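The values are calculated or read from the model by the stated rules, or taken from the named source; none is laboratory data. Computed from a predicted structure; not experimentally measured. Cβ sites come from the backbone with ideal geometry, for glycine too, and all protein chains shown count toward neighbours.
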Amino acid sequence: MKKILLFSIICMLIFWFFASNLIAGSASSEIPLIPMKDFFKNPEKISFSLSPDGTYWAFLQPWENRLNIHVQKIEEEKIIRITEATERDIAGYLWANNNRIVYAQDEAGDENYKIYAVDIDGSNRKTLTPFEEVKVQLIDDLENNPDEMLITMNKRDKRFYDVYRININNG
């Protein structure tokens, strides 16, 4: 008899514990919903990267509703936008050396990216791969050779990618 009474009390306590948590949980579950547009808008800043000597950092930030590359000297407030993309976002970038950034952009929306290089003050922009209907990919930034990179292009034959050494200052 004592076992049945003890079992009943334990069952009631367990029921009371879970019921009170359910009631308390429903009151706290009224968390505001995140608007759907927040999932699809551009971030304020993204893709941070430090210059090889650590004096600058670069990042992508919206300008004219497109992600563009911005450069800022460490511990300074001035931010310099070095690209002017208005039709398509900058797909990605990397530091070629302390003074130059190389980036990829799909200008026509056909996933045939072109590679560009620009100085960190926004000047001296060069199209390194000015070819139409050619897919380009970066292979290696050649750390020991700051003026050249290895890329692949399917310029010769659309089915195959060939490796090219490209000068980041003049293509």
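The condition (being acidic (Asp, Glu), out of contact with any Asp or Glu (no Cβ under 9 Å at 6 or more places or on another chain) and on the phi > 0 side of the Ramachandran plot) is satisfied by just one residue among Glu133, Glu111: Glu111. Counting only strands (runs of 3 or more DSSP E) that fall entirely inside segment 69-145 and contain at least 1 residues that are at pLDDT below 95 and not acidic (Asp, Glu), the qualifying elements are 90-97, 100-105, 114-119, 136-140.
Do the conditions hold for Ala24, that is, is it modelled with pLDDT under 95 and either of a type in the set (Gly, Ala, Ser) or touching a Leu at 6+ places or on another chain (Cβ under 7 Å) (or both)? Break it down stepwise before answering.
Working: modelled with pLDDT under 95: yes; either of a type in the set (Gly, Ala, Ser) or touching a Leu at 6+ places or on another chain (Cβ under 7 Å) (or both): yes.
So Ala24 passes the test.
Number of residues in segment 1-21 that are exposed (fewer than 10 other Cβ atoms within 10 Å of the Cβ) and modelled with pLDDT under 65: the value is 1.
This table checks each residue for (1) farther than 28 Å from Asp162 by Cβ; (2) crowded, with 17+ Cβ neighbours inside 10 Å.
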site	(1), (2)
Phe48	yes, no
Leu60	yes, yes
Ile82	yes, yes
Ile101	no, yes
Ala104	no, yes
Val118	no, yes
Arg125	no, no
Thr129	no, yes
